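The structure appears below as structure tokens.
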Amino acid sequence: MIRTITGLFDSRGAAESVIHHLVSHDDIDRSRITLHGRAKTDDGFEHDGFWTSLLHLFIPDSARHAYSEAIRRGGYVVSAELPEEKVAHALSIFASHGAVDLNRRQAEWRSEGWLDYAPPTQAPVAGIGIATGMSIGAAAPQAGTGAAAG
């Protein structure tokens, strides 16, 4: 079974180190790893195309919202599709290369006034109540790291 793990890093160098390690030492195909971050374009400005790149990740909308905020603040997100037997090792590689504890980071942002994700709601339908957004293939954050596996 193939699983996707996702981790947040404060620097591009740390994110690229994880990618290099997974490719060089763990024989992960580079095409199975993505790096998300703000990129400077030819016009010299950073653009927000990262939100679109995050949409293909199978993570809950709340996590996508947090990763998007991290990227907006200059962070980098690495996602890797791995065989099940390599997930635990890869999570330790993410941690050893400085994966950010996303829960702790979100708490810091909240103290600065950042608002958590609020799922979209629909108008009540007679006799049914209010429906909220739903995610498929949700990944749960791993304790102590900014990495998640799903």
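Does Val87 qualify as being of a type in the set (A, V, I, L, M), open to solvent by less than 30 Å² (accessible area, probe 1.4 Å) and part of a helix (DSSP H, G or I)?
Numbers: of a type in the set (A, V, I, L, M): yes; open to solvent by less than 30 Å² (accessible area, probe 1.4 Å): yes; part of a helix (DSSP H, G or I): yes.
Yes: the conditions hold for Val87.
Among the residues of segment 96-118, the ones that are assigned to a helix (DSSP H, G or I), open to solvent by 30 Å² or more (accessible area, probe 1.4 Å) and either of a type in the set (Val, Ile, Thr) or touching a residue at least 60 places away in the same chain (Cβ under 8 Å) (or both) come to 1 in all.
Looking only at segment 65-84, which residues are assigned to a helix (DSSP H, G or I) and in contact with a helix residue (DSSP H, G or I) (Cβ under 9 Å, 6 or more places away or on another chain)? I'd like the intermediate steps shown before the answer.
Going residue by residue through segment 65-84, those that are assigned to a helix (DSSP H, G or I) are 65-72, 84.
Of everything in segment 65-84, those that are assigned to a helix (DSSP H, G or I) and in contact with a helix residue (DSSP H, G or I) (Cβ under 9 Å, 6 or more places away or on another chain) turn out to be Ala66, Tyr67, Ser68, Glu69, Ala70, Ile71, Arg72.
The values are calculated or read from the model by the stated rules, or taken from the named source; none is laboratory data. Please read these numbers as outputs of a predicted model, since none were measured by experiment. FYI the Cβ positions are ideal-geometry reconstructions off the backbone, even for glycines, and counts take in every protein chain you see. Calculation scope for accessible area: heavy atoms of the full protein, side chains included, ligands and nucleic acids excluded. Shrake-Rupley method; radii C 1.70, N 1.55, O 1.52, S 1.80 Å.
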